[in-house]
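In what follows, a structure is listed as structure tokens, so that the remarks can point back to it.
The values are calculated or read from the model by the stated rules, or taken from the named source; none is laboratory data. Predicted, not measured: the structure shown is a model, and the values here were computed from it. FYI the Cβ positions are ideal-geometry reconstructions off the backbone, even for glycines, and counts take in every protein chain you see. Protein only, heavy atoms only, side chains kept; ligands, DNA and RNA dropped before computing areas. Shrake-Rupley method; radii C 1.70, N 1.55, O 1.52, S 1.80 Å.
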Amino acid sequence: MRDPLTCNEIRQGKTIMTRRLLMMLLTYGGAISLGLVQSPVSIPVTSLAKAAELQSSSTSVATNILSSEKDTTFNKVTVLNKSGEKLIDLVNGETDEIAGEESSFFGGYKDNNGNKLSHGLYISAQPYGPVGAGCALCLIASQDSIQEGGGRPAISGVDYREGARGVHRSGNYDQVGLYEYIDNTKARMVLDVESYSSDGLTLKTSMTEDQMNRLHRNMYIQTNSMDTTLAETGLAKGEIPTMRNYFSYVRGWDSKHIYVTGWAVPGIGSDQVGQVPSAIYDIYRSDYKKPVVFVGAPDKSFGRNLFMMYDGNRATAQATSPIHNFEAEEIDMFITNETRPHSVSFHGVTISPVFGGPRPDPSVLTTDSYDMLLAGDLPNHLLVNEASGNNVIKSNSFYVHGNEGVGRSGTGYKQKRIGFEYDAYADNGSNNLRFVHYLSKENTEIGWYSTAMHLALVVDGTQGDIDSGTNEGEIVWNRQSNNGGLELCGGSGACGIRQNFDGSVLLGNTFLLANSALSVPMGASITFSYSNPSDQIAMQSNGENSLQIRSQKGSTVKLEGLKQISIESVTYDGLGTKPSAGTQRYCSNCFSRLAGISFRGIPVWWNGSSWTDSFGYAVMH
């Protein structure tokens with residue numbers, strides 16, 4: 001049985017009164033609920049009879065005594081062990097304001113010999129229900145009390161009294177080892193300012209005793225007054241406007257004044273002594289249109305800030321620390337005594353902004369927002385030691401599979417398998433264009449020479465599945481019968497350009513030999529196309545040592561073994577009247593006036609105005 005006993009604190013140096021003399025054995029006492037500064041301290045403790053019995057017993061037990069004392073400058077409640085060492089200090093007005101005047105301390109003090117006192121914290125719980133009953137340790141950073149929204153852990157967070165509707169809305173029945181909550185916490189106070197000076201401010205209205213009791217030395221204080229000599233650079237980049245407001249820390253106060261350690265703009269402003277906040281007021285973070293101060297107000301909320309340090313001075317030849325290995329955080333998942341497929345779900349780290357309200361809008365986030373930042377000068381920023389059959393990355397746009405690859409048919413391996421792909425939509429989702437890397441097994445042999453690698457454009461289909469969608473063309477390395485080469489293939493599957501291992505290139509049936517001239521197989525042709533298809537000219541080999549140049553209009557020239565030229569035979573009417581001067585043709589019904597009509601069929605030349613024989617005389621026909 002535990003009795004709730006109350007310590008009623010009377011602040012400002014007055015005596016701490018108790019309803020009873022408190023003594024507690026933490027070994028037998030259970031949890032302690034500590035309300036600091038603002039409210040009485042409610043402490044469920046072991047019953048007094050049991051405590052007195054244990055204290056008077058001759059049995060040696062490690063008693064932990066909850067005592068109270070008065071000091072000329074502050075009140076505190078201290079938990080001591082039987083040796084008089086401090087286990088917990090609950091203080092109001094403690095002189096070490098940097099440690100935090102509302103903080104409780106487990107260990108950390110030094111004994112009379114200068115040795116640090118060390119006291120760990122062991123919490124063992126078995127959560128049994130939603131909200132606060134669902135966590136072993138709940139850490140809340142909020143202005144809300146334990147009965148208000150932020151103060152209640154969002155663990156299966158529905159009101160069980162709603163009956164079936166509450167069960168339906170809960171979604172999950174969770175338990176949480178460590179639950180953390182933080183919000184954009186309200187300032188402790190927002191106070192109107194009469195005027196500023198270099199060492200503080202004068203308030204428009206005097207503070208009440210309650211307000212003064214809420215102040216602490218070293219407390220954050222920030223103004224809505226701006227240093228407009230500093231440039232604003234955030235808005236143009238889609239970021240939060242540059243913070244140009246004056247900040248400081250509280251060092252003292254009376255009812256009409258708050259004294260500070262010195263005004264400045266954090267990070268980018270001047271560090272000159274004697275600065276005074278201006279009469280130009282912020283309109284983004286607030287819009288009071290008058291001078292105000294936010295007391296006890298942070299400027300940024302951290303969910304968690306893990307700070308680690310290695311000091312090389314402790315690792316010299318006369319080392320005082322042997323630690324050289326650091327692990328920032330490790331998540332282990334141990335699964336045993338389970339063999340059923342897909343029977344355990346494990347999610348490592350989930351980061352998911354959720355947008356609420358009547359009109360959720362992701363554009364409220366700044367352009368420099370991110371889920372994860374990997375920075376600093378490290379040899380490796382991300383190491384992934386996946387099993388070969390795992391998906392390493394699976395996002396809407398990017399997919400990376402493990403390195404299991406492909407295998408021969410009949411071995412249980414796929415004949416085609418995607419290694420990675422990048423996906424992007426055309427016309428807002430009409431088609432998915434997938435840039436895909438995949439391997440294919442080309443035959444039943446073992447080894448690299450029977451495996452091809454592809455980079456392909458695949459339209460639509462399922463991410464990670466090469467057998468879905470339509471292949472619209474690809475580059476292939478090491479295709480069957482072309483080991484060490486690559487090919488450029490169309491969506492039809494036909495490969496029009498092929499480079500062999502030796503560097504030679506095949507354009508369809510046309511070879512381009514590495515470091516050599518163009519090689520055209522017999523029967524293949526090279527075509528010169530023009531805007532008018534009727535002007536097309538083609539070169540084709542039509543026999544050994546023979547090359548034919550042919551016009552679509554019917555003219556043909558043959559080069560036979562580079563020893564003779566075969567020119568197409570035409571009649572005089574087919575010679576034409578607009579060739580270039582010097583053009584040579586063969587006229588089948590022409591003759592020279594020097595030889596007579598009996599010698600029909602001669603070569604003729606165009607001299608710019610007429611066709612002539614070899615002597616320059618106009619030909620007859």
For this session: Could you rank ILE393, ILE146 by how accessible they are, 1.4 Å probe, largest area first?
Result: ILE146, ILE393
For this session: Take the solvent-accessible surface of the protein heavy atoms, probe 1.4 Å, and return the percent of it on the range 173-259 that carbon and sulfur atoms account for.
Result: 49
Exercise. Under a 1.4 Å probe, what is the accessible area of the range 416-507 per residue, stated in Å²?
Worked result: 52
Exercise. When all protein chains stay in place, what accessible area (Å², nearest 10, 1.4 Å probe) is found for VAL570?
Worked result: 30
Problem set entry | Rh (Kirkwood; distinct C-alpha pairs) - the range 161-314, Å | 18.5
For this session: At a 1.4 Å probe radius, which order do ILE283, ILE335, ILE549 fall into by accessible area, largest first?
Result: ILE283, ILE335, ILE549
Seminar exercise, completed: With the 1.4 Å probe rolled over protein heavy atoms, the range 298-372 has an accessible area per residue in Å² of 99
Exercise. Packing-wise, with mean Cβ within 10 Å as the measure, how do 298-310, 161-173 rank, highest first?
Worked result: 161-173, 298-310
Seminar exercise, completed: Percent relative contact order for the range 161-314, counting Cα pairs under 8 Å at least six residues apart, stands at 30
Seminar exercise, completed: A 1.4 Å probe over the protein heavy atoms gives the range 570-620 a carbon and sulfur accessible-area percentage of 54
For this session: With only alpha-carbon atoms counted, please give the Rg and Dmax of the range 416-507, in Å.
Result: 14.0, 45
Exercise. With r defined as the distance between the Cβ atoms of SER504 and THR411 and R0 fixed at 41 Å, what FRET efficiency is calculated, to the nearest 0.05?
Worked result: 0.75
Problem set entry | Entries of LYS414/LYS441; LYS186/LYS237; LYS82/LYS116; LYS204/LYS289 with Cα pairs more than 20 Å apart | LYS186/LYS237
Problem set entry | Cα convex hull of the range 570-620 - mean projected area over all directions, nm² | 2.9
For this session: Express in nm, to one decimal, how much length is gained between MET308 and TRP448 on full extension, taking 0.36 nm for each residue of separation and deducting their alpha carbon distance.
Result: 45.7 nm
Seminar exercise, completed: On the formula 1/(1 + (r/R0)^6), with r taken between the Cβ atoms of GLU102 and HIS347 and R0 of 30 Å, the FRET efficiency rounded to 0.05 is 0.25
Exercise. For the pair ARG169 and ALA426, what calculated FRET efficiency results from E = 1/(1 + (r/R0)^6), where r is the Cβ-Cβ distance and R0 = 25 Å, to the nearest 0.05?
Worked result: 0.05
For this session: Would you kindly state how much longer the chain becomes between THR320 and ASP192 on full extension, computed as 0.36 nm times their sequence separation minus their alpha carbon distance, in nm to one decimal?
Result: 40.7 nm
